[in-house]
């Protein structure tokens, strides 16, 4: 590898696998990555090389589930995934002491609320993974954390016990009712918001779920931050494949912003969900009525504090 | 080693510290890559294409991985040349990296106007006229599909600036040598070979094209044999013209193959995505390759391919 310059903020490291575990139907891998873990913030991701199938060259992006910066496991980093394609299937067979080529930390992290204290974290499937890291950081800043964790069924519920450990109240929602409330996270969201006196919402999970959460929050004037997912080649900001249509802060128009650079965390009220997820084959010419955030944004200036 | 190896190359007056550049659309203007790489070790950068007006680009999905490669359909998203000069131009001026600005346009006049904006940016050593992007609204905007249309663009850009102009060509033509010839006749200083190949992918689960734009540009190791063929054909026909070879390069051996086929330098594109250090590692590898064989410079490899074919035999004939 080339000599590192002084200014580089993104690290490429060969990382030893510390452990590879199952969590329901999901896999989690913990790697020794001191330089990356040291800089990692909740909402950021890493790009992992999957040399299993030489036919597939691109790295796979994974959001950071845990990063330990101090204590007994200092310098480790954990990510979660479902074995779906050739890359993740190769990763699912990895063993402790194997070595992974990892680039990170990448992307913009979740901002923390400046003044408000009551945070509701909403996660779907293994997309919930970064919320546990976020919950820790929020609690360390004296915030109240409540969680809604949803999935299709019990086996797809990501680490419900850990959610209970990290938050004041937890509601689990499964579509088949195999555990917790029957239904989707958006079905239990209104009840949780009023019960927990929620002031800000964080979301991570399938894009359709994020859209429902963000639209609920916008309608009820609750600031939300969501971590989105879009097909990505480089993760470094140069390929421009992972863009999401985002309304400008003053509502004067919109831009295709990169989920690897300006995201993956966006204000839920500023993502133009209909254009992004709804009209992929029939692009809309102008933002839909009522979606201008200059008059409808639920996020007053100064709500979020960047760290 | 007995002989000192230099990695520097000279593209007929353009000096580069190594023969390995970051390819257009795969390296930004260097600013993002500087987060993961020491740019001083890069041979040069070809920026992402810039147009006269800002372009938002195509809807997502814009990317799909394919066998030994990937398809992209970005649609030339860029902030427009004024914003480019203000932001990227300032970065190029202080980066110290030899930079080619890639320009694109829907008309000959637009190419010339964009060139006029970028020609005075300090640090710009060349202009790459991207006349071969496959992700444009109409096929007649792919000027490199027609020798005369290609020459019109190159001629207009050359007239407006003294900065050396490289024409970026596509392999999606019957006779790339004919297009190359007309570009050089119109004043191109050099040629960049090749752009992505027009392709598509289908999602059998959803019965939909994998890309929102239906078709896209194929890149990565899958296209390397096509790119090598083009570099070889063109360099045989136009041996004096500097060629920047590109298409699927991911190792030092790949780069050496392009130099042997006739390129003076190479550009690395898709490989940056999975190996952000690719440009630097490949240059270092070329240095080791030269040292191991007692060669002193990348120029020692250029066109050294032991091939019997005459240029005439390589050019497709009609009928």
| Would you call residue B:121 more than 30 Å from residue A:55 (Cα to Cα) and part of a loop (DSSP other than H, G, I, E, B)? | yes
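Quick one: which strands (runs of 3 or more DSSP E) lie wholly within the stretch B:1-61 and hold at least 2 residues that are on the phi < 0 side of the Ramachandran plot and away from chain A (no Cβ under 14 Å)?
B:9-11, B:14-16
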Take the conditions touching a strand residue (DSSP E or B) at 6+ places or on another chain (Cβ under 7 Å) and either on the phi > 0 side of the Ramachandran plot or not in a strand (DSSP E or B) (or both) and apply them to residue B:172. Does it pass? yes
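Please work out if residue B:121 is touching a strand residue (DSSP E or B) at 6+ places or on another chain (Cβ under 9 Å) and surrounded by fewer than 24 Cβ atoms within 10 Å (Cβ to Cβ).
Here the answer is yes, as residue B:121 does meet what is asked.
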Can you spot a residue in the stretch A:93-109 that is in contact (Cβ under 8 Å) with a residue 60 or more places away in the chain, assigned to a loop (DSSP other than H, G, I, E, B) and touching a helix residue (DSSP H, G or I) at 6+ places or on another chain (Cβ under 9 Å)? yes
The condition of being within 14 Å of chain B (Cβ to nearest Cβ), modelled with pLDDT under 95, surrounded by fewer than 19 Cβ atoms within 10 Å (Cβ to Cβ) and under 24 Å from residue B:216 (Cα atoms) holds, among A:286, A:281, only for A:281
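Is there a residue being more than 29 Å from residue A:61 (Cα to Cα) and surrounded by 24 or more Cβ atoms within 10 Å (Cβ to Cβ) anywhere in the stretch B:210-227?
Scanning the stretch B:210-227, I find at least one residue that is more than 29 Å from residue A:61 (Cα to Cα) and surrounded by 24 or more Cβ atoms within 10 Å (Cβ to Cβ), so the answer is yes.
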Checking B:69, B:80, B:22 in turn, the sole residue that is under 19 Å from residue B:115 (Cβ atoms) and in contact with a strand residue (DSSP E or B) (Cβ under 8 Å, 6 or more places away or on another chain) turns out to be B:80
Note on residue A:116: of the conditions (1) over 15 Å from residue A:167 (Cβ atoms); (2) in contact with a helix residue (DSSP H, G or I) (Cβ under 9 Å, 6 or more places away or on another chain), unmet is (2)
Just wondering, is there one or more residues in the stretch A:72-84 that are without any contact (Cβ under 8 Å) to a residue 40 or more places away in the chain and under 29 Å from residue B:250 (Cα atoms)?
yes
- Message: Suppose the filter is closer than 30 Å to residue A:22 by Cα, in contact with a strand residue (DSSP E or B) (Cβ under 8 Å, 6 or more places away or on another chain) and at pLDDT 95 or above; does residue A:223 pass it?
- Response: no
Within the stretch A:8-25, residues being buried (at least 18 other Cβ atoms within 10 Å of the Cβ), under 15 Å from residue A:76 (Cα atoms) and within 14 Å of chain B (Cβ to nearest Cβ) number 3
Filter the stretch A:83-104 for residues that are at pLDDT 95 or above and more than 13 Å from residue A:20 (Cα to Cα); the one that is surrounded by the fewest Cβ atoms within 10 Å (Cβ to Cβ) is A:101
Exactly one of B:113, B:128 is modelled with pLDDT of 95 or more and either out of contact with any strand residue (DSSP E or B) (no Cβ under 6 Å at 6 or more places or on another chain) or part of a helix (DSSP H, G or I) (or both), and that one is B:113
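Let's see how each residue does on (1) without any contact (Cβ under 8 Å) to a residue 60 or more places away in the chain; (2) within 14 Å of chain A (Cβ to nearest Cβ); (3) farther than 30 Å from residue B:37 by Cβ:
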site: B:73; (1), (2), (3): no, yes, no
site: B:82; (1), (2), (3): yes, no, no
site: B:96; (1), (2), (3): yes, yes, no
site: B:99; (1), (2), (3): no, no, no
site: B:113; (1), (2), (3): no, no, yes
TODO: For residue B:74, indicate whether it is surrounded by 24 or more Cβ atoms within 10 Å (Cβ to Cβ), within 20 Å of residue A:230 (Cα to Cα) and modelled with pLDDT of 95 or more.
DONE: yes
Hey, does the stretch A:41-56 have a residue that's in a loop (DSSP other than H, G, I, E, B), away from chain B (no Cβ under 14 Å), in contact (Cβ under 8 Å) with a residue 40 or more places away in the chain and surrounded by 24 or more Cβ atoms within 10 Å (Cβ to Cβ)? yes
Does residue B:64 fit the bill of being more than 9 Å from chain A (Cβ to nearest Cβ), at pLDDT 95 or above and surrounded by 20 or more Cβ atoms within 10 Å (Cβ to Cβ)?
no
Inside the stretch A:223-267, the number of residues satisfying the requirement of being under 15 Å from the mean Cα position of the chain (by Cα), away from chain B (no Cβ under 11 Å) and either in a strand (DSSP E or B) or free of Cβ contacts under 8 Å to residues at least 24 places away in the same chain (or both) is 8
Condition set over 18 Å from residue B:276 (Cβ atoms) and within 20 Å of the chain's Cα centre (by Cα), scope the stretch A:32-63, selection modelled with the lowest pLDDT: answer is A:38
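The values are calculated or read from the model by the stated rules, or taken from the named source; none is laboratory data. Just so we're clear, the structure is a prediction, and the values are computed from it rather than from any experiment. Ideal geometry is used to build each Cβ from the backbone, glycine not excepted, and the neighbour counts take in all protein chains shown.
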